[in-house]
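J.: Before anything else, here's the structure in question.
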Amino acid sequence: MSGRRTGLPNLIDPLRLCELGAELVGEYPLAQMPRLASLLVKANEGVSVRLAFSIDLAGTHVLSGQLDTEVELVCQRCLEVFVYPLASTFKLVFVTNERRAAEIADDLEPFHVTAEPVSLQSLVEDELLLSVPQVPRHEFAVCPAQRVVQQSENAAEQHNDDRQNPFAGLADLMKRNKE
Ligand SMILES: [Zn+2]
């Protein structure tokens, strides 16, 4: 049986969803994710969530997920707010004990489950947190701090020109030769 539905449940039984081959599609408001929201300027967007639960040929319970949103962060170079496309593609393997975790391939992320239901929203929040840059910054070329550096360089050149010293160019040349 395979079920696809829109809308995300709060608590899930991940092993059962894998057995069902369930696909879940929906959206969570970022405002409902306090750990993530605390890192953002504003948390008024939603995160688009697509999840596919399955059991692979080795009998492993797998969750493949794709998360997409845009968040506002503060650039640590210029301290201005900028929009960062926050996306995560992940693959989790549900494991029920440590030994099973040691057996799974290195490129897969183990997620320990017990008899207790799992908070799906918290799982999604964890994956998003892994994708938030530790030191958020604009792309260098578009960062206003970079423009300030360029402006002060231009201003310095302008200042040199204003002096109208006919030997300024020569002095620069000699200085450059010494270096
Ligand atoms: Zn910046």
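J.: For the structure I just gave you, tell me whether residue 58 is free of Cβ contacts under 8 Å to residues at least 40 places away in the same chain, within 22 Å of residue 110 (Cβ to Cβ), away from the ligand (no atom under 16 Å from the Cβ) and part of a loop (DSSP other than H, G, I, E, B).
T.: Numbers: free of Cβ contacts under 8 Å to residues at least 40 places away in the same chain: yes; within 22 Å of residue 110 (Cβ to Cβ): yes; away from the ligand (no atom under 16 Å from the Cβ): yes; part of a loop (DSSP other than H, G, I, E, B): yes.
Spelling it out, residue 58 is indeed free of Cβ contacts under 8 Å to residues at least 40 places away in the same chain, within 22 Å of residue 110 (Cβ to Cβ), away from the ligand (no atom under 16 Å from the Cβ) and part of a loop (DSSP other than H, G, I, E, B).
J.: Give me the pairs: first residue in segment 74-86 and more than 16 Å from residue 30 (Cβ to Cβ), second residue part of a strand (DSSP E or B) and near the ligand (Cβ under 9 Å from one of its atoms), beta-carbon distance under 6 Å, and six or more apart or on different chains, which are they?
T.: Within 6 Å, the pairs are 75/82.
J.: Still on this model: I want to confirm something. Restricting to segment 95-118 and keeping residues that are aliphatic (A, V, I, L, M), surrounded by 13 or more Cβ atoms within 10 Å (Cβ to Cβ) and farther than 18 Å from residue 16 by Cβ, which single residue is modelled with the lowest pLDDT? It would help to see each step written out before you state the result.
T.: Here is the first cut: in segment 95-118, the ones aliphatic (A, V, I, L, M) are 95, 101-102, 104-105, 108, 113, 115, 118.
Keeping just the survivors that are surrounded by 13 or more Cβ atoms within 10 Å (Cβ to Cβ) gives 95, 101, 104, 108, 113, 118.
Imposing the further condition that a residue be farther than 18 Å from residue 16 by Cβ reduces the set to 101, 104, 108.
On the way: 101: 64, 104: 73, 108: 78.
Across segment 95-118, the extreme among qualifying residues is 101.
J.: With the condition kept exactly as written, say whether any residue in segment 9-16 is touching a Gly at 6+ places or on another chain (Cβ under 6 Å), under 25 Å from residue 112 (Cα atoms) and either among the aromatic types (Phe, Trp, Tyr) or assigned by TED's automatic domain parsing to the domain that holds residue 130 (or both).
T.: Taking segment 9-16 and keeping what is touching a Gly at 6+ places or on another chain (Cβ under 6 Å), we get none.
No - not one qualifying residue is present in segment 9-16.
J.: Restricting the search to segment 42-55, which residues are of a type in the set (Gly, Ala, Ser) and either outside the structural domain of residue 13 (by TED's automatic domain parsing) or part of a strand (DSSP E or B) (or both)? Even if it seems obvious, please write down each step before you answer.
T.: Kept after step one, since they are of a type in the set (Gly, Ala, Ser), are these residues of segment 42-55: 43, 46, 48, 52, 54.
Residues satisfying the conditions are 46, 48, 52, 54.
J.: For segment 34-50, state whether one or more residues are crowded, with 18+ Cβ neighbours inside 10 Å and over 29 Å from residue 139 (Cα atoms).
T.: No - not one qualifying residue is present in segment 34-50.
J.: Suppose the filter is within 16 Å of the ligand (Cβ to nearest atom) and assigned by TED's automatic domain parsing to the domain that holds residue 124; does residue 79 pass it?
T.: On the way: within 16 Å of the ligand (Cβ to nearest atom): yes; assigned by TED's automatic domain parsing to the domain that holds residue 124: yes.
Taking the combined requirement at face value, the residue satisfies it.
The values are calculated or read from the model by the stated rules, or taken from the named source; none is laboratory data. All of these numbers come straight from a predicted model, not from anything done at the bench. Using ideal geometry, Cβ is built from the backbone for each residue, glycine included, and neighbour counts are taken over all protein chains shown.
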